[in-house]
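Participant: The following block contains the structure, expressed as structure tokens.
The values are calculated or read from the model by the stated rules, or taken from the named source; none is laboratory data. Quantities reported herein were computed from a predicted structural model and do not represent experimental measurements. Note: ideal-geometry Cβ built from the backbone for every residue, glycine included; neighbour counts use all protein chains shown. With ligands, DNA and RNA removed, areas are computed over all heavy atoms of the protein, side chains included. Shrake-Rupley method; radii C 1.70, N 1.55, O 1.52, S 1.80 Å.
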Amino acid sequence: EKGGYEHFMLKEIFEQPKSILDTMRGRLLVNEGIIKMAGIWDHLERINKAERIVIIACGTSWHAGLIGEYLIEEFARIPVEVEYASEFRYRNPIIGPKDVVIAISQSGETADTMAAIKLAKEKGAFVYGICNVVDSSIARVTDAGSYTHAGPEIGVASTKAFTAQLTILSLIALKLGKHNGNLGNAEFMSLIAELDAIPTKVEEVLQSSHEVAKNIAKQYVDATNFLYLGRGYNFPSALEGALKLKEISYIHAEGYPAAEMKHGPIALIDENMPIVIIAPKQGHYDKIVSNVQEIKARKGQVIAVVNKGDVQVASMADHVIEMPETSECFSPIVAAIPLQLLSYYIAVYRGANVDQPRNLAKSVTVE
Ligand code: M6R
């Protein structure tokens, strides 16, 4: 059932071109120039008139939510806040009938997310669910929603569910922007064409980065710490990369917005500190170049995830992983792949139980 792969996690990493396509199927109709999503369409008025959208989730789904914030604010121009469900539920949040809550959960059973939804509903908010497991508790309790069609995710470390969540959030942001007039038709058309190309680009990066990530992993099995840095849309990618490494390899890792480095984490950098830096061409590239210079001046080991053909960052980095270029807003989907592979192989070389890491459960049904 692992389809010839050694672990479910690797199988699920390699399924992503298909799971992303499945999530888009019937929704992204490029030739007709439309995005079809019944859940959004039926409540378009309510969602587009929201004073605020609050995204609630935990773990990897929360990271997807952070990227969702960038997407929705950029294209639909609706203010978005992203909260950990566990914090939201216990802090007497200001939430009411004019707010729309988007709850994101792969399993649809996470206790904190469920409790946060109940609270939001009690206060009159409209709650939209993004779940992977069909008919799960969260899918049933929400007012409307869209399923990610990633298929069953068995590995405790979320991989294909994450990229499917990003796909849904992209579709939602573009659809809202198109209908509320914040996204012009030409831009909408070019963005949906770009989104449509993502499964192919994910396939490309799987092929091109697999061996590269494996080789880099071999050299870092004994690392005790890792930093992950990214800016803009790829700041949450850095958080997700670090979480993936922590949970399966048990190596301490932190993700930061690259610019925050000088406000503290830079003190940690020496020749023993590996730093994964996500540096696509589109998205504050020049700023990232300066960050890499600052790291190299302190002898940090740089593992750079860059676009194919990159020279500037690549020439300074100790290791380079290439990925195809895409719009900045979709780059976290492509960048997720090499980061997943890197964590996977580091964990495998350390002999860890990749699919069932210690102390973790696939769905966290207790708070
Ligand atoms: O099923 P959910 O998406 O609600 O789960 C949320 C988190 O427990 C989950 O993403 C967790 O962080 C994963 N193990 C991350 O890989």
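Participant: For residues that are open to solvent by 50 Å² or more (accessible area, probe 1.4 Å), of a type in the set (D, E, K, R) and touching a residue at least 24 places away in the same chain (Cβ under 8 Å), scanning just the stretch 65-91, find the one that is farthest from Arg52 (Cα to Cα).
Facilitator: Step by step, filter the stretch 65-91, then rank; the result is Arg89.
Participant: Right, next: For the stretch 148-157, which positions are under 16 Å from Gly129 (Cβ atoms) and either part of a helix (DSSP H, G or I) or within 13 Å of the ligand (Cβ to nearest atom) (or both)?
Facilitator: If the condition is that a residue be under 16 Å from Gly129 (Cβ atoms) and either part of a helix (DSSP H, G or I) or within 13 Å of the ligand (Cβ to nearest atom) (or both), then Thr148, Ala150 are the ones that fit.
Participant: To continue, here is another question. Looking at the stretch 25-37, which of its residues are within 20 Å of Gln165 (Cβ to Cβ) and either without any contact (Cβ under 8 Å) to a residue 24 or more places away in the chain or within 16 Å of the ligand (Cβ to nearest atom) (or both)?
Facilitator: Gly26, Lys36, listed by residue number.
Participant: Then there's this: When you look at Phe8, is it out of contact with any helix residue (DSSP H, G or I) (no Cβ under 9 Å at 6 or more places or on another chain), under 26 Å from Ile198 (Cβ atoms) and crowded, with 16+ Cβ neighbours inside 10 Å, yes or no?
Facilitator: yes
Participant: Out of (1) closer than 27 Å to Glu1 by Cβ; (2) open to solvent by 10 Å² or more (accessible area, probe 1.4 Å); (3) among the aliphatic types (A, V, I, L, M); (4) part of a helix (DSSP H, G or I), what's the single condition that is false for Ala193?
Facilitator: Against the list (1) closer than 27 Å to Glu1 by Cβ; (2) open to solvent by 10 Å² or more (accessible area, probe 1.4 Å); (3) among the aliphatic types (A, V, I, L, M); (4) part of a helix (DSSP H, G or I), Ala193 comes up short only on (1).
Participant: Turning to a different aspect of this structure: Which residues, counting only those in the stretch 330-367, are open to solvent by 10 Å² or more (accessible area, probe 1.4 Å), away from the ligand (no atom under 16 Å from the Cβ) and in contact with a Phe, Trp or Tyr (Cβ under 9 Å, 6 or more places away or on another chain)?
Facilitator: Of everything in the stretch 330-367, those that are open to solvent by 10 Å² or more (accessible area, probe 1.4 Å), away from the ligand (no atom under 16 Å from the Cβ) and in contact with a Phe, Trp or Tyr (Cβ under 9 Å, 6 or more places away or on another chain) turn out to be Tyr349, Arg350.
Participant: What are the residues in the stretch 48-60 that are open to solvent by 10 Å² or more (accessible area, probe 1.4 Å) and within 16 Å of the ligand (Cβ to nearest atom), if any?
Facilitator: Answer for the stretch 48-60, where residues must be open to solvent by 10 Å² or more (accessible area, probe 1.4 Å) and within 16 Å of the ligand (Cβ to nearest atom): Cys58, Gly59, Thr60.
Participant: Taking into account only those residues within the stretch 196-245 that are among the β-branched types (Val, Ile, Thr) and farther than 26 Å from Gly351 by Cβ, which is surrounded by the fewest Cβ atoms within 10 Å (Cβ to Cβ)?
Facilitator: Among them, the one singled out is Thr200.
Participant: Can you work out which of the residues in the stretch 158-183 that are open to solvent by 40 Å² or more (accessible area, probe 1.4 Å) and not in a helix (DSSP H, G or I) is farthest from the ligand (Cβ to nearest atom)?
Facilitator: Gly181
Participant: Take the residues in the stretch 97-113 that are surrounded by fewer than 21 Cβ atoms within 10 Å (Cβ to Cβ) and within 16 Å of the ligand (Cβ to nearest atom), then tell me which one is farthest from the chain's Cα centre (by Cα).
Facilitator: Per the criteria, the residue is Ala111.
Participant: Mind counting the residues in the stretch 121-143 that are touching a Lys or Arg at 6+ places or on another chain (Cβ under 9 Å), touching a residue at least 40 places away in the same chain (Cβ under 8 Å) and open to solvent by less than 30 Å² (accessible area, probe 1.4 Å)?
Facilitator: 2
Participant: Give the residue, chosen from Ile94, Ile117, that is at pLDDT 95 or above, open to solvent by 30 Å² or more (accessible area, probe 1.4 Å) and of a type outside the set (D, E, K, R).
Facilitator: Ile94
Participant: Related question: Checking Gly155 against (1) crowded, with 20+ Cβ neighbours inside 10 Å; (2) farther than 13 Å from Ser363 by Cβ: exactly one of these is not met. Which one?
Facilitator: For Gly155, the exception is condition (2).
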